[in-house]
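Quick note: the coordinates plus some simple rules give every number you see, no bench work behind them. This is a predicted model, so every value here is computed, not measured. Quick reminder, even Gly has a Cβ in these numbers, built from the backbone with ideal geometry, and neighbours come from all protein chains shown.
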Amino acid sequence: MTTSLLAYLLIPLFTAILIPFAAKTRRKLADVLANVTLLAGLLNISFILFNPANIALSFSNITEDGFALLMIFIIYLVALCITFFSSYFIGDDSKVNRVPYYSLIMTSVSAMCGIVTTGDFFTLYIFVEVLAVTSFALIASDESGKGLEGAIKYFLLTFPASLFILFGIAFLMLTAGTFSFESIKIIIASGIPAGAVVFSLSLILLGFLIKSGVVPFHAWTPDAYEGAYAPVSAYLAGIVTKISGVYAVIKISMMLRLFEIKAYHTAEILMFLGMLSIAVGALAALRQKELKRMLAFSSISQIGYIILAAGMGTPLAILGAIFHLVNHATFKTVLFLNSASLEKGAGTSDMRKLGGMEHAMPWTSWTSIVALLATAGVPPLSGFWSKLIIIIALWDGGAKTYAVLALLFSVVTLAYFMVMQKKIFFGKPTETSRNAREVRPAMLAPVVVMCLLIAALGVFFPYIYSYLVETIAARIIL
Amino acid sequence: MTYHTLLLILVAAAAVAAVMARNLLLSAIMLALVSVGASLVLFDFQAPWAAVFELSVCAGLITVLFVSAVSLIRHEESKVAENRARFYAMPLVMGIVAIAAWFYAVPYFESLENWARLGGRADTLGTVIWDIRRLDLLGQVSMLAAGVFVVNSMFPRRKKQK
Amino acid sequence: MINSFSMDWYFITLIFFAGMYCMLVSRNLLRQFIGLEIMSKSCLLGVISVGAKTGNLALAQALIITMIVIEVVVVAAGLSLLVKNYRITNSVDVWSLNNLRG
């Protein structure tokens, strides 16, 4: 890990420790500090990524890992949207303590930056635990019974996963003697028989799969997303579950493809679990009545696409997985923040009671429609490109059945979302929607920015593709 | 049987007793006994620093946390009707698992030993923590900060009584 | 007699299974936490056993110290969630956590 990226980790931690002291008398100062820190970090990383000089040289002067830079960008962006939204959402709600809330978000941003910039399995484990601990407290911030129930289920079902990861690390120490990614790749490439190393990596993989919420380990996901405090479920679905689970799965699958034969079974199982998540998530989302729960199952389905592509293992598939991860972070942030706005403006998020919201809350409706179309994979938005890459990578790699099934479920998702948004946003106005009012413009700003990003990623896709190919795919080959 | 094996049998027996104990306070004390046993095992492995850490932190701090949590929920304890039959069936289940593991798990671990890769460096603990794994220290610091914020968020200082 | 490494891991498997059984069978939340703690102890013993086998005891001790710090903070967080839940819903029964069915 290069020392220059260490600053992205240290500064939010410093702010987290500073906030309780600075905001002792003036509560609103906590909001300002948190937002300013995240904005500064975001501008910094955007400067590295979007620098015209770098683009002209086709990113050959960036020596840091392109994957890590992209992840830091999306982490800071989502966290900034959440803190900005929260400063207006909390308002005068006396049940939520502002100061520990912002400190926890800052600590979790620091932990996530630690996760994506480290090159070592044990450091990864430590930061994943920090992220999990902050998530427990964030889910239960508003002290409702539902929040605590979601937090307890999250705790009880993901802590054994950490134990599996530890056992995997212990076996890795036995068979490989080291934890860093580079050394393990060198050990693999040197050609010794590597059955035991694959076993230890599979244990670690199992732990991270449980943490990311794939089927059949998805029991905690709908409850945690539904019961959490509203901006926090956007935070969880937008970035936390992905960084704490799916990121490590992608990193390990980048290593597994070097094994060629021995890891074939692991890759097969990974693809099967991904397909199962797509199927179960899509089918279960059809039966839900409550908006957040439906979005949670839709999250499970999209994470299935990422896991399926990661299991495939070819450079194009890993590219598709990473791009879909970034896209899905944007979609789900928009959708969950909008459901929080719906709660505030209309008072409920039950889909049976909402209808014809387009007149009452126009901005919320239109941004949700953009995000739903993007999730379903409609061109020219960004979701279309990432799903296309995944399906093409599956077809080229030989898993033709999986490609056809993935396409089929994408069509199912599209059909369902069309029906749903017609009913909620364009149908007959119900009692609840007559009384609803649009939320403040400041709360709509992060959602509009995310929608613009979704559209931009879709329209400027060739540039994105060249960035991904040059900084990630070309450097995967050892 | 060596001293080592006896210690491990002690730890396993204390763990089974902690599961089967009838009231929660006895369970917490048996957990402290598990920690003490694990600490003795660590001493026997020639790992004194880890053993002292485990003894002071786990057998001390975690036991205090558990006992205080038990005393906070003591009122409701009698109302939860546990199915005691499953707990009394535990020695039988453990016996079955012990016999099955003897025949299946032990040869597996013996074959796993052949893949062992011996480390060549004989560093001291200080070198390892401070030089080689310095980033883990940052992780520990952020973990402790996160713990403080979590407790601060769960139990705030309120002006009026809830 | 079988050598020390397999013997250690035999007991580690037993302790891990005892903790898992406790988690699956009990109805009281605090007892489930105790099961989680027992499973964590078996992890610590696993790491030191591997460290003794491969000879780098210093690395294993550094790992164990970090794992103990993490374990303490996680237990503190879990217990505070438990006590908060007790204060709000007045029960520590796992079967009563069913308000989010759907």
For this session: Report, in degrees rounded to the nearest 10, the 0 to 90 angle that the Cα long axis of helix A:362-376 makes with the longest principal axis of chain A.
Result: 20
For this session: Please name which of A:450, A:394, A:426 has its Cα lying farthest along the dipole of segment A:355-478 towards the positive end, using unit charges on Cβ (Lys, Arg +1; Asp, Glu -1) and the Cα centre as origin.
Result: A:426
For this session: Using Cα centres only, tell me the gap between segment C:1-49 and segment A:134-208 in whole Å.
Result: 17
For this session: Using only C-alpha atoms and all pairs of different ones, pull out the Kirkwood radius for segment C:4-89 in Å with one decimal.
Result: 14.2
Exercise. Along the Cα-to-Cβ line of residue B:131, 7 Å from the Cα, sits a label point; which residues in segment C:42-70 have backbone N less than 15 Å from it?
Worked result: C:58-59
Exercise. Can you name the helices of chain B, as whole DSSP H runs, whose Cα span along the helix axis is 27 Å or more and whose Kyte-Doolittle mean is not below 1.6?
Worked result: B:24-44
Problem set entry | Net charge dipole size for segment B:33-113 [Lys, Arg +1 and Asp, Glu -1 on Cβ; Debye, nearest 20] | 400
Exercise. How about segment C:18-102: which chymotrypsin sites (Phe, Trp or Tyr not before Pro) there are in a DSSP loop, with at most 12 other Cβ atoms within 10 Å of their Cβ?
Worked result: none
For this session: Report, in degrees rounded to the nearest 10, the 0 to 90 angle that the Cα long axis of helix A:98-117 makes with the longest principal axis of chain A.
Result: 30
For this session: For chain B, with a Gaussian network of springs between Cα atoms less than 10 Å apart, report the residue from B:30, B:143, B:20 with the top mean-square fluctuation.
Result: B:143
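Rounded, prolate or oblate: which fits segment B:1-77, taking a ≥ b ≥ c as square roots of the Cα gyration tensor eigenvalues, rounded meaning a/c under 1.5, else prolate when a/b beats b/c? Write out the running numbers ahead of the final one.
Values: a/c = 5.97, a/b = 1.66, b/c = 3.59.
In terms of gyration-tensor shape, oblate.
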Seminar exercise, completed: Out of B:48, B:2, B:71 - ranked by how far each Cα lies towards the positive end of the dipole of segment B:1-153, with unit charges on the beta-carbon of charged residues - the top one is B:71
Problem set entry | Cross-link reach list, aspartates and glutamates versus residue A:400, counting only Cα pairs under 17 Å and skipping chain neighbours closer than eight places | A:268
Problem set entry | Helix-derived mean residue ellipticity, 222 nm - over the protein assembly as shown, DSSP H n ≥ 4, -39500 (n - 2.57), to 500 | -25000 deg cm²/dmol
Exercise. Around residue C:3, with a cut-off of 9 angstrom between Cβ atoms, what is the net charge of the other residues, counting Lys and Arg +1 and Asp and Glu -1?
Worked result: -2
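Tally Lys and Arg at +1 and Asp and Glu at -1 over the other residues with C-beta under 15 Å from the C-beta of residue B:7: what net charge comes out?
On the way: positive: C:41; negative: B:44, B:54, C:8.
Result for the neighbourhood of residue B:7: -2.
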Exercise. Per-residue mean of other chain beta-carbon atoms within 10 angstrom of the beta-carbon, peptide B:96-106?
Worked result: 3
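Loop-only trypsin sites (Lys or Arg not before Pro) in segment A:229-313, please: DSSP not H, G, I, E or B, and at most 14 other Cβ atoms within 10 Å.
Taking segment A:229-313 and a limit of 14 other Cβ atoms within 10 Å, the loop trypsin sites (Lys or Arg not before Pro) found are A:287, A:289.
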Problem set entry | Student exercise, the protein assembly as shown dipole from Lys, Arg, Asp, Glu Cβ charges, in Debye to nearest 20 | 2120
Problem set entry | Dipole magnitude of segment A:325-407 about its Cα centre (Cβ charges: Lys, Arg +1; Asp, Glu -1), debye to nearest 20 | 100
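What share of Cα pairs, in percent, lie more than 53 angstrom apart in the protein assembly as shown?
8
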For this session: Please average, across the residues of C:19-27, the number of beta carbons from any other chain that are within 10 Å of each residue's own beta carbon, and give a whole number.
Result: 6
Problem set entry | Pairs beyond 26 Å (Cα-Cα), from A:292/A:422; A:146/C:41; A:353/A:387; A:332/A:353; A:344/A:428 | A:146/C:41; A:353/A:387
Exercise. When only DSSP loop residues count, what trypsin sites (Lys or Arg not before Pro) in segment C:13-102 have their Cβ near at most 12 other Cβ atoms within 10 Å?
Worked result: C:101
Seminar exercise, completed: Measuring from the longest principal axis of the C-alpha atoms of chain C, the long axis of helix C:29-54 (C-alpha) lies at a number of degrees, nearest 10, equal to 10
